[in-house]
Amino acid sequence: MSVIKSYKELFIWQKGIKIVFLVYKLTKSFPKEEIYALTSQLKRASVSIPSNIAEGFGRQTDKSFNHFLNISRGSLNEIETQLIIAKELEFISDNNLFNEIMFLIEEESKMIGAFAKNLKD
């Protein structure tokens, strides 16, 4: 098995970047009065996912990395909740994009959970 030299090689980081891109794309259509509220919160939470994966990787201890992976998973839950709220408020018109993000959130959460478990073992 090869040694991972950079966090950029991690599929969980790569998928986190994809979630960021899609969240930014989705929030472009949100009402302008939400720019400092739900739009901003969604963007910050999405950026938090790959950022915490990168920071945890850089700490170079499994315990610390696990801590930052847990923060990433918390951000995934935050985004999921905020997207449900945005959907209920009828801010989301692109159902395909919404469903794609929700699928990626579920997938990413499972991947981070499995990765964290492997760090502990």
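The values are calculated or read from the model by the stated rules, or taken from the named source; none is laboratory data. A quick note: this is a predicted structure, and the numbers were derived from the prediction, not measured. When we count neighbours, we look across all protein chains shown, and the Cβ atoms used for this are built from the backbone with ideal geometry, even at glycine. Each accessible area value is taken on the protein alone, full model and side chains, heavy atoms only, with ligands, DNA and RNA left out. Shrake-Rupley method; radii C 1.70, N 1.55, O 1.52, S 1.80 Å.
For the reader, a short list of remarks on this structure follows.
- Extension gain, S6-M111: 0.36 nm per intervening residue step, less the Cα-Cα distance, totals 36.0 nm.
- Around F65: net Lys/Arg minus Asp/Glu count, Cβ-Cβ under 11 Å: +1
- Surface analysis of region 18-118 yields an accessible area of 56 Å² per residue, using protein heavy atoms and a 1.4 Å probe.
- With Cα atoms, 0 to 90° folded angle of helix 62-88 axis to the chain main axis: 10
- Note on the chain: Rg/Rh from C-alpha atoms, Kirkwood Rh, equals 1.02.
- The 1.4 Å probe gives accessible areas that order Y7, Y36, Y24, largest first, as Y36, Y24, Y7.
- Selection from I101, F91, Q60, by position along the positive dipole direction of region 34-121 (Cβ): Q60
- Accessible area of the chain belonging to carbon and sulfur atoms, whole % at 1.4 Å probe: 55
- For region 18-118, a crude dipole built from +1 on the beta carbon of Lys and Arg and -1 on the beta carbon of Asp and Glu, taken about the Cα centre, is about 360 debye to the nearest 20.
- The count of lysine pairs in the chain that are at least 8 places apart or cross chains, and whose C-alpha atoms lie under 18 Å apart, stands at 18.
- One decimal place: the segment S29-K87 gains 19.7 nm when fully extended, by the rule 0.36 nm per residue minus the C-alpha distance.
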